[in-house]
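Enquirer: Attaching a single structure in structure tokens format; questions to follow.
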Amino acid sequence: MFDYLIVGAGFAGSVLAERLATRSNKKVLIVDKRSHIAGNAYDHYNEEGILVHKYGPHIFHTNSKDVFEYLSNFTDWRPYEHRVLASVDGQLVPMPINLDTINKLYGLSLNSFEVEQFLESLAEQVPVIKTSEDVVVSKVGRELYEKFFRNYTRKQWGMDPSELDKSVTSRVPTRTNRDDRYFTDTYQAMPLHGYTRMFERMLDHPNIKVMLNTDYHDIVDFIPFKEMIFTGPVDEYFDFKYGKLPYRSLEFKHETLNQENYLAAPVVNYPNDNLYTRITEFKALTGQKHPKTSIVYEYPKAEGDPYYPVPRLENAELYNKYKKLADETPNVHFVGRLATYKYYNMDQVVAQALTLYKKLTEKPEEAQKVVKPTIIGSASIMEKLVPRDPAKE
């Protein structure tokens, strides 16, 4: 008998599994369709021995002391402040736009006060900011919007910024100083030995069993549990009753090059050239020393694994229908980016999971009910449980 069946071994599922097992002595089964834990944060050593992020760069940053201290239980950190260049007009310039970006792009030598006035002179008056286009043109004007944002957004989302909610481009600041960091959070670091190692430590508890390469539909009627935590797509859970929620996906093309370094920055964006949106060089993120280097190209696409909920009003309205169903479903808790149809950073998912844990542990024990049969599944199913330590069983 498991107290919890958790669907998904990414941040949301793994944090909840760890808290429930170690702090509440609950027995937890966590299942994932993929062949590995850590969700999209999964990293591994490739054939050349270089640590790479399989699903594109994952840069940890947070302003939450609680989240950072929680994850510090499972990893040491490598201090890292992320920097990005954008290929615009044949030059590599800092992104987000800052003082150096403007000076280099226009051949100027403005100071912080002058660049603020310069940007104000370019900005357009937008009475009501509704779309991602409105956000940018109201800050930096149409010319910089065309150079940095419009085509990048079209590639990334498959639609014009004028068709997307303002939240998409609101995430990218504009600076009048020379700060070229992509993020300004209090805590910026990378797990010293990688994300996967951090997840392994998180899930290393005798109360936690993990089943990989497993669709939860295949085991849900055979393994008894009291409650479910679901971190997958909420529309999928309800068999797409109201239709599919739109997502954007990505295709990753990994390459290892016979040279020590390749890019002038950890990430270079290509808003106007090429079919890919950006290239990442992993050694710049991890600090690994190696005579070769590994990079990844990101190609956005419409179909494939769901990565980014598409922020449009009609999609929010469709999600609210599924949310109503989710709220009315007893003993099933929906958490994480896919289950709540919202783009979260990693730290936000951790915070959401910790909040749900607190809510779950405040529930009276007698309110919990067994909602699945008490029939033990077949040997073939049970043998898929990993890790298995005979000394603990």
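Quick note: the coordinates plus some simple rules give every number you see, no bench work behind them. Model, not experiment: these values are computed from the prediction. Virtual Cβ from ideal backbone geometry, glycine too; neighbours counted across all protein chains shown.
Enquirer: Summing -39500 (n - 2.57) over the DSSP H runs of n ≥ 4 in the chain and dividing by its residue number, what mean residue ellipticity at 222 nm do you reach, to the nearest 500 deg cm²/dmol?
Expert: -8500 deg cm²/dmol
Enquirer: Please identify the longest segment of the chain free of exposed trypsin sites (Lys or Arg not before Pro), where exposed means a DSSP state other than H, G, I, E or B and no more than 10 other Cβ atoms within 10 Å.
Expert: Counting only loop sites that pass the neighbour cut-off, the longest clear stretch is 1-240.
Enquirer: Could you please rank Glu124, Glu298, Glu47, Glu255, placing first whichever residue has the fewest other Cβ atoms within 10 Å of its Cβ?
Expert: Listed from fewest to most nearby Cβ atoms, that is Glu47, Glu255, Glu124, Glu298.
Enquirer: Then there is this: Pick out, from Pro206, Thr196, Thr186, the residue whose Cα sits farthest towards the positive end of the charge dipole of the range 160-223, with +1 on the Cβ of Lys and Arg and -1 on the Cβ of Asp and Glu.
Expert: Of Pro206, Thr196, Thr186, it is Thr186.
Enquirer: Which one of Ala12, Ala86, Ala316 has the biggest mean-square fluctuation once the chain is modelled by GNM with Cα springs under 10 Å?
Expert: Highest fluctuation among the options: Ala316.
Enquirer: I'm spelling it out carefully: the read-out is percent of Cα pairs over 41 Å apart, the candidates are [x] 40; [y] 19; [z] 11, and one was derived from this structure. Which label?
Expert: Label of the calculated value: [y].
Enquirer: Tell me, in nm to one decimal, what length is gained between Tyr45 and Leu275 on full extension, where the rule is 0.36 nm per residue of separation less the Cα-Cα distance?
Expert: 80.1 nm
Enquirer: Would you mind ranking Phe74, Phe149 so that the residue whose beta carbon has the fewest other beta carbons within 10 Å leads the list?
Expert: Starting with the residue having the fewest Cβ neighbours, the order is Phe74, Phe149.
Enquirer: Pop a pseudo-label 7 angstrom from the Cα along the beta-carbon direction at both Asn63 and Asp305 and give the gap in nm to one decimal.
Expert: Result for the modelled spin labels: 3.0 nm.
Enquirer: Can you grab the distance from the C-alpha centre of the range 220-288 to the C-alpha centre of the range 75-97, Å, no decimals?
Expert: Here the two parts' Cα centres lie 19 Å apart.
Enquirer: List, in the order given, every pair from Lys54/Lys359; Lys104/Lys155; Lys301/Lys321; Lys54/Lys289; Lys147/Lys253; Lys27/Lys253 whose Cα-Cα distance in the structure shown is over 29 Å.
Expert: Flagged as over cut-off: Lys54/Lys359; Lys27/Lys253.
Enquirer: Quick one: helix 11-24 against the long Cα principal axis of the chain, what's the angle to the nearest 10°, folded into 0 to 90?
Expert: It is inclined by approximately 40 degrees.
Enquirer: Turning to a different aspect of this structure: Report the extension gain between Asn320 and Asn258 in nm, rounded to one decimal, defined as 0.36 nm multiplied by the number of residues separating them, less their alpha carbon distance.
Expert: 17.3 nm
Enquirer: Let me ask another. With contacts defined as alpha carbon pairs under 8 Å and 6 or more residues apart, what's the relative contact order of the chain in percent?
Expert: 26 percent.
Enquirer: Same structure again: Taking the Cβ of each residue in Glu281, Glu200, Glu133, Glu48 as the centre, tally the other Cβ atoms inside 10 Å and list the residues starting with the fewest.
Expert: Fewest-to-most ranking of Glu281, Glu200, Glu133, Glu48: Glu48, Glu200, Glu281, Glu133.
Enquirer: Of the beta bridges DSSP finds with both residues in the chain, what % are antiparallel, to the nearest 5?
Expert: Percent antiparallel among DSSP bridges in the chain is about 65.
Enquirer: Report the full-extension gain for the segment Glu120 to Tyr343: residue separation times 0.36 nm, less the Cα-Cα distance, to one decimal in nm.
Expert: Additional length available on full extension: 77.3 nm.
Enquirer: Average the reciprocal distances over every distinct pair of alpha-carbons in the range 97-170, invert the result, and give the Kirkwood radius in Å.
Expert: 12.8
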